[in-house]
Amino acid sequence: MKKILVIFLMSFLFGCQNHKNEAQSNSVSMQTKNSISQVLKENGHLTINERIELYKQLKDKEPKAYNFENKDEITMYGYGLLWENNPKEALEVFKLIVEQFPDWYNAYDSLGEAYFNLNEMDLALKNYEKSLAMNPDNFNAEDMIERIKFPYKKPITPAEKFAKVYSVEDYKADLDELANKLLEVHPNALKFISKEDFWETVDEKKASISQNTTYAEFSWHCREIISNINCSHTSSNFTMDWDPLPIALLFPLDVRCINNRLYVIDACTNTNKISVSDEITKINGLSVQDIVAEIYDHIPSQGHIETYKRHQFNYWATGMIPYALNFPKTYTIQIEGQQELITLNPLDAYPSFKEPFSKPCPDDLCLDFKDAKTAVLTISSFNYYPWNNLNEFKDFIDNSFQKINKRNISNVIIDLRFNGGGSPESSIHLLKYLMDKPFQYFSSSHSYSTGKGAHQPYKNNYKGKLYFLIDGNGNSTTGHFMALAKYHKLGIIIGEELGSNQFCTAGQTVLRLKNTKFQYDVANSTSKVLVTGLDDSRGILPDYEVVQPIEDYLNNHDSVKEFAYKLINKH
């Protein structure tokens, strides 16, 4: 399961190649290549051996027409088969990948996983060992070798690791390894911080290590070093730190930070002491502003974008506050306008996470018509890839604009809030309906074939007014999309600073520290769209800034969308 997660993260922005829309595109750049995995998916009625043969025939006859060089996409095709409980078919795809890319360590890792799923342990072990020999950093192979050789060995539990104390030497060696790996792998590691300031933070963290430092405290140090790179694609999943947190250590209130003020939205086990919408000014004697600033130092974001950090804090506050305060056993808070301190009751169960407000669209993709002149197109994700479900996105967009044009809709609101990014193919497909002239997506130096050359707008592109709703959650490809929308002046942008922009360090190398086994992801490539005049350190800025007040959280109200409606009526 870990391997599947690793592969998905690695592929998240590797730029799976474009599958052209023959029916609607006026023309396609000769530099744009078709998705070979999409061809294999479309021929799923063939036997796996026939699909493999089709791959080889196409590569022999049309080597430049398809993206045969994209080893990550064909790997994801194989994993798609594995996820669909077709390990024998996946095995044949992974054998093909080994044949095509014999010097790639991950090909043997994937082949090992297929054999493991088929319970052929000798062959699984052989391939994992070959993969590890080719790449000593491949900790997945290291773990699987251990698992195969010692099937009855009990692994350390998250709770045990949370409280585990390693030696001072091991901690310091791992911090040095973390810092050096960040600088080695990340192509723009020092874009937003000087080398001197980066190493100063590393030295400070090393100096704070003692014989009593727990793994939990150490992981918090690692997060600050990672965050100093200022890259949203270089991080460590906070779920790994959340899972082992004992319930008794969690901050026992659900809170939201808005304009640097902290409000209660659920009193949980403290309903007899705290009211919803109360503003907290201090926690354990420390000001909320200082605590939030400390936590922000440990949340990676692109450049100096604070809105992304705020949304991450609001989602994980119950767990991040304990880390920032070094895991106090009790919490005492002060409420705005009150002198007395309130000692909080601990939680009796893990809390459920709440969205800022109930999204009117239950799915990632929705089309609604407010009235005869206005439509709302909700796109909460661009996570649609050629190797998986890109056609689902394309079909939705095609059908939506067919309905919009048929009704002569004059205003379209494109709601991109909550959109964490995804594939460039989905972004490009949507832009072809919004642009009125040929456009280039990625900069000319970009390695993704799907972004090179001019993309032609569709003949039935939308010609009315556009309004874009954005928030700090907008990450990755969403930044690319909105950078092009702003640069080409496609419409009016409403909301808060986007969580990303035109410059996005992409791809991910998943690494793990030698001694403590702390796991983290490092961006390994640069992904920049063709725009000029925008600040790489800031998110895409709205034309009208609208920040949702606490009342939106409490009353399930949407001030951003209401502002857009009023603006449309005014115009």
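The values are calculated or read from the model by the stated rules, or taken from the named source; none is laboratory data. Quick caveat, the model's predicted, so the values are computed rather than measured. Note that we place each Cβ from the backbone using ideal geometry, even for glycine, and neighbour counts take in every protein chain shown.
Key figures
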item	result
Long-range neighbours under 8 Å by Cβ, at least six apart or interchain, first residue among the hydroxyl-bearing types (Ser, Thr, Tyr) within the stretch 326-355, second exposed (fewer than 12 other Cβ atoms within 10 Å of the Cβ) and in a loop (DSSP other than H, G, I, E, B)	Thr332/Gly285; Thr343/Thr330
Within the stretch 513-525, tally of residues that are assigned to a strand (DSSP E or B) and surrounded by fewer than 19 Cβ atoms within 10 Å (Cβ to Cβ)	1
Near pairs, Cβ below 7 angstrom, 6+ apart or cross-chain, from the stretch 107-126 (under 11 Å from Phe94 (Cβ atoms)) to any residue that is surrounded by fewer than 21 Cβ atoms within 10 Å (Cβ to Cβ) and among the aromatic types (Phe, Trp, Tyr)	Ala107/Phe101
Residue in the stretch 206-228 that is under 30 Å from Phe503 (Cβ atoms), hydroxyl-bearing (Ser, Thr, Tyr), buried (at least 20 other Cβ atoms within 10 Å of the Cβ) and at pLDDT 95 or above present	yes
Qualifying residue in the stretch 528-535 (condition: within 30 Å of Trp242 (Cα to Cα) and of a type outside the set (Phe, Trp, Tyr))	no
Hey, Ser277 in a loop (DSSP other than H, G, I, E, B), polar (S, T, N, Q) and at positive phi or not	yes
Single residue of Ile397, Ile413 found to be crowded, with 19+ Cβ neighbours inside 10 Å, modelled with pLDDT of 95 or more, touching a strand residue (DSSP E or B) at 6+ places or on another chain (Cβ under 7 Å) and outside the structural domain of Phe68 (by TED's automatic domain parsing)	Ile413
Selection within the stretch 539-563 - touching an Asp or Glu at 6+ places or on another chain (Cβ under 9 Å), within 21 Å of Val412 (Cβ to Cβ), part of a helix (DSSP H, G or I) and touching a residue at least 24 places away in the same chain (Cβ under 8 Å)	Val560, Lys561
Exclusive hit being closer than 16 Å to Gly472 by Cα, surrounded by 21 or more Cβ atoms within 10 Å (Cβ to Cβ), in contact (Cβ under 8 Å) with a residue 12 or more places away in the chain and assigned by TED's automatic domain parsing to the domain that holds Asn188, set Ile305, Ile295, Ile258	Ile305
Qualifying residues in the stretch 477-504 (those that are part of a loop (DSSP other than H, G, I, E, B) and more than 13 Å from Arg417 (Cα to Cα)) - the one nearest to the chain's Cα centre (by Cα)	Asn501
Residues of the stretch 134-164 that turn out to be among the aliphatic types (A, V, I, L, M), touching a Lys or Arg at 6+ places or on another chain (Cβ under 9 Å) and free of Cβ contacts under 8 Å to residues at least 40 places away in the same chain, as a count	2
Subset of the stretch 544-571 [of a type in the set (D, E, K, R) and in contact with a Gly (Cβ under 9 Å, 6 or more places away or on another chain)]	Glu545
Looking only at the stretch 30-71, and only at residues there that are assigned to a helix (DSSP H, G or I) and hydroxyl-bearing (Ser, Thr, Tyr), the one that is farthest from Glu425 (Cα to Cα)	Tyr55
Test set (1) within 29 Å of Thr239 (Cα to Cα); (2) out of contact with any Ser or Thr (no Cβ under 9 Å at 6 or more places or on another chain); (3) exposed (fewer than 13 other Cβ atoms within 10 Å of the Cβ) - Glu177 fails condition number	(3)
In the stretch 444-477, residue modelled with the lowest pLDDT [restricted to those that are among the polar types (S, T, N, Q), in contact with a helix residue (DSSP H, G or I) (Cβ under 8 Å, 6 or more places away or on another chain) and farther than 26 Å from Asn569 by Cβ]	Thr450
Pairs with Cβ under 9 Å, 6+ apart, first in the stretch 232-245 and at pLDDT below 90, second surrounded by fewer than 18 Cβ atoms within 10 Å (Cβ to Cβ) and of a type in the set (S, T, N, Q)	Asn237/Gln519; Met240/Gln519; Pro244/Thr157
Thr532 part of a loop (DSSP other than H, G, I, E, B), crowded, with 19+ Cβ neighbours inside 10 Å and hydroxyl-bearing (Ser, Thr, Tyr)	no
